[in-house]
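Visitor: Quick one: the structure is below, questions incoming.
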Amino acid sequence: AAIYWPLFIPMGLMLAIFLSSLLRTDGSTPGFAFIGRIPSELQSGLHIPMFFVLTLSLLVLLHRFEKRKCSQILFAFVLANCVGIMNEGLQMYIPWRYASLGDVGLNLVGTLLGFFFYFGIRKWTWVD
């Protein structure tokens, strides 16, 4: 059986999102000192491109398996936003991190931009 490599892209991104929540934002995590040099506004802004790419990878993957566009749209939207919400929930239990509704909003912006880009490129209709 062949391995379907696009499956690993969204899985890898989700893993990277969760693992990045374990890092200290002040740069004191060994091997990740550069993070402390990134302004906090830019660190927060990185949510947008991360969820943009996550959403694109989910849509590409789901298009391969799910031909009904409404199901594809709903599943990708729900999954991407659940990852964002769970990631913020995880941060509530990490002493050096904090959960933020603003970050959830930035995740949503990235998700929506991913949808607009994908469907703009594909020139799909929103109706089955």
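Visitor: Can you tell me how many residues within the stretch 19-38 are exposed (fewer than 13 other Cβ atoms within 10 Å of the Cβ), in a helix (DSSP H, G or I) and either over 22 Å from the mean Cα position of the chain (by Cα) or not aliphatic (A, V, I, L, M) (or both)?
Guide: So the count comes out to 3.
Visitor: On to the next question. Against the definition (of a type outside the set (S, T, N, Q) and within 15 Å of residue 9 (Cα to Cα)), how does residue 51 come out, yes or no?
Guide: Judged against the criteria, residue 51 is a match.
Visitor: Right, something else. When you check residue 89 against the structure, is it loosely packed, with under 14 Cβ neighbours inside 10 Å, at positive phi and not β-branched (Val, Ile, Thr), yes or no?
Guide: No.
Visitor: Follow-up. Collect the residues in the stretch 102-128 that are modelled with pLDDT under 95 and of a type in the set (A, V, I, L, M, F, W, C), keeping them in residue-number order.
Guide: Of everything in the stretch 102-128, those that are modelled with pLDDT under 95 and of a type in the set (A, V, I, L, M, F, W, C) turn out to be 115, 116, 117, 119, 121, 124, 126, 127.
Visitor: Search the stretch 3-18 for residues being at pLDDT below 85 and open to solvent by 30 Å² or more (accessible area, probe 1.4 Å), and hand back the single one that is nearest to the chain's Cα centre (by Cα).
Guide: My answer is 7.
Visitor: Here's something else I'd like to know. Looking only at the stretch 45-87, which residues are closer than 29 Å to residue 25 by Cα, more than 10 Å from the chain's Cα centre (by Cα) and of a type outside the set (A, V, I, L, M)?
Guide: Answer for the stretch 45-87, where residues must be closer than 29 Å to residue 25 by Cα, more than 10 Å from the chain's Cα centre (by Cα) and of a type outside the set (A, V, I, L, M): 45, 77.
Visitor: Another question about this same structure. Residues in the stretch 39-53: is at least one among the aliphatic types (A, V, I, L, M), out of contact with any strand residue (DSSP E or B) (no Cβ under 8 Å at 6 or more places or on another chain), open to solvent by less than 20 Å² (accessible area, probe 1.4 Å) and not in a helix (DSSP H, G or I)?
Guide: no
Visitor: Only one residue in 102, 120, 89 is of a type in the set (Gly, Ala, Ser) and closer than 23 Å to residue 12 by Cβ, so which one is that?
Guide: Answer to the check: 89.
Visitor: Say we look at the stretch 54-69 and pick out the residues that are among the hydrophobic types (A, V, I, L, M, F, W, C) and out of contact with any Pro (no Cβ under 7 Å at 6 or more places or on another chain); which of these is most open to solvent (accessible area, probe 1.4 Å)?
Guide: In this case the residue turns out to be 65.
The values are calculated or read from the model by the stated rules, or taken from the named source; none is laboratory data. No experiment lies behind these values; they were computed from the predicted model shown. For neighbour counting, all protein chains shown are included, and Cβ atoms are generated from backbone atoms with ideal geometry for every residue, glycine included. Side chains are part of the model used for accessible areas, which takes the heavy atoms of the whole protein and leaves out ligands, DNA and RNA. Shrake-Rupley method; radii C 1.70, N 1.55, O 1.52, S 1.80 Å.
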